[in-house]
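No lab work stands behind these numbers, since they all come straight from the coordinates. It should be emphasised that the depicted structure is a prediction, and the values quoted were computed from it without experimental measurement. Positions of Cβ are generated from backbone atoms using ideal geometry, with glycine treated the same way; all protein chains shown enter the neighbour counts.
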Amino acid sequence: MTAPDRRTTALERAVARVVDNDNCSGCGVCPLVSDRITMGLDDAGFLRPRVDASPIVPRDDDQDAQEAELFLSTCPGRAIRAPRSAAGTTHPIFGRSVEVWQGAASDDEVREAGSSGGVLTALAAWLVTSGRAAEVRGSASGTATPTRTVPVRITTREEALASAGSRYAPVSNTLAAGEDTPMVCKPCEASGTRRYFRATGREQESPILLSFFCAGTPSQSATDALCEELGIPAEDVASLRYRGNGWPGNFTITSHDGETRTKSYQQSWGQRLGRALQTRCKLCVDGTGEDADVAVGDFWSADERGFPVFDDAEGNSVIIARTERGAALVQGAIAAGVLTVSPVDLDEVARIQPLQNARRRTLAGRLAGRFAAGKAVPRYTGYGLVGHMIWNIPASAKAAIGMFTRTTGLRR
């Protein structure tokens, strides 16, 4: 018999249902819903919401119900509907697009500092230096704790460069985002932000959202473990980079004594970080930022078999303008000489992004396996998941069995 839920408010119960079923991505949108919600790392090293357990004072059941309803309408751990645009086309893997390019930052310093061509860094710097935005929200290594990733305000080119490079750790830029402030964000943050503005009747006020292809958020514990493996405990780390300074670049830490240690991208992501993802990321329907205005990802070179090659090289990105204002932004940056680009077809991108391709095609199987194991799963609409499953039955069945056995503890 299931024990009764002792949580006292509707908001607590709504948040707990998402978190308890491991459907939370740590996007950080829910504090916008209620000032009773704060975000913090849990014992597993993931960012999770915490609801103030004390009743609203004075107790207001109507306010509580409204906050719970807004949370349910906003949280991407509960439901996501595929966005559609009047202009452009829809790709079965990458979703909506108005225009698509491959390219990189024209500035060699920005291109070198970025993870895959410096496109987002270049756009952020251009927005603030051109006066198009007073600031851009991004993330960077913490000043006091360099092994942690924190939201930052970007107001200069130098600050954009300081925030360049991927951060494979829990962080939410939504926590710091002003309502009209452009934001560099994960796909789940873009989705949650769009849903929040839509649910509050202010969809046209949504800030410019610049996203990137995401393979998932690893636990903070994985970063700390990498530091330990390299012989520099987290508390002794003076600087940390996950990627960048080359493509894909190395995981690099430097101690307070000036000693530098590195691991390759294959060693850091492939052997440690990529194996420490939160459950929600394994159930993600959108790893390519479909709700953003602009989404950017690695445009890897391919070997003779068509597989991506991770040899160090000059960074190159695929740039997808998802909305008309996103297309106008990128076109403006191209005209200003900020970006150097050429057209590319998304089918070509799909061939060198095998993870995003396989995840979308087998997601229905993973959701089915999770549900069969007794867990609530997010509701996804408009992504063609059933069609993908029908065309990929063996792989989907394997994914379903794997997710079921992991969820039930039959396989670790």
Per-peptide average of other Cβ atoms within 10 Å, ordering 365-374, 158-167, 125-134 highest first
158-167, 365-374, 125-134
GNM result for the chain, Cα springs below 10 Å: residue of ASP347, ASP62, ASP107 fluctuating most strongly
ASP62
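Excluding GLY103 itself, calculate the net charge of residues whose Cβ lies under 13 Å from the Cβ of GLY103, where each Lys or Arg counts +1 and each Asp or Glu counts -1. Intermediate results must be reported in sequence, preceding the final value.
Working: positive: ARG111; negative: GLU99, ASP107, ASP298, GLU314.
Every neighbour counted, the sum reads -3.
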What does the charge count near GLY289 come to, summing +1 for each Lys or Arg and -1 for each Asp or Glu among other residues with Cβ under 12 Å from its Cβ?
-1
Gap separating the Cα centres of the stretch 368-412 and the stretch 217-278, nearest whole Å:
32
Quick one: among GLY382, GLY26, GLY249, which has the greatest mean-square fluctuation in a GNM of the chain with alpha-carbon springs under 10 angstrom?
GLY382
Going by average Cβ density within 10 Å per residue, which order do the peptides 184-195, 276-287, 63-74 take, highest to lowest?
184-195, 276-287, 63-74
How much net charge surrounds ALA400 when only other residues with a Cβ under 10 Å from its Cβ are counted (Lys, Arg +1; Asp, Glu -1)?
+3
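Students often check this: by mean Cβ neighbours within 10 Å, which of 259-265, 289-295 ranks highest, and how do the rest follow?
Values: 259-265: 15.9, 289-295: 28.4.
Descending packing order for the listed peptides: 289-295, 259-265.
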I'd like the isolated cysteines in the chain, meaning no second cysteine's beta-carbon lies under 4.7 angstrom from theirs.
CYS24, CYS30, CYS75, CYS185, CYS214, CYS227, CYS281, CYS284
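With a ≥ b ≥ c the root eigenvalues of the C-alpha gyration tensor of the chain, is it rounded (a/c under 1.5), prolate (a/b larger than b/c) or oblate? Don't skip to the end; give the middle numbers.
On the way: a/c = 1.27, a/b = 1.25, b/c = 1.02.
Verdict is rounded for the chain.
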The chain, helix-only ellipticity at 222 nm - DSSP H runs n ≥ 4, -39,500 (n - 2.57), divided by all residues, nearest 500
-10000 deg cm²/dmol
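So what is the relative contact order for the stretch 300-412, in percent, with contacts set as C-alpha pairs under 8 Å and at least six apart?
Relative CO of the stretch 300-412 lands at 23 percent.
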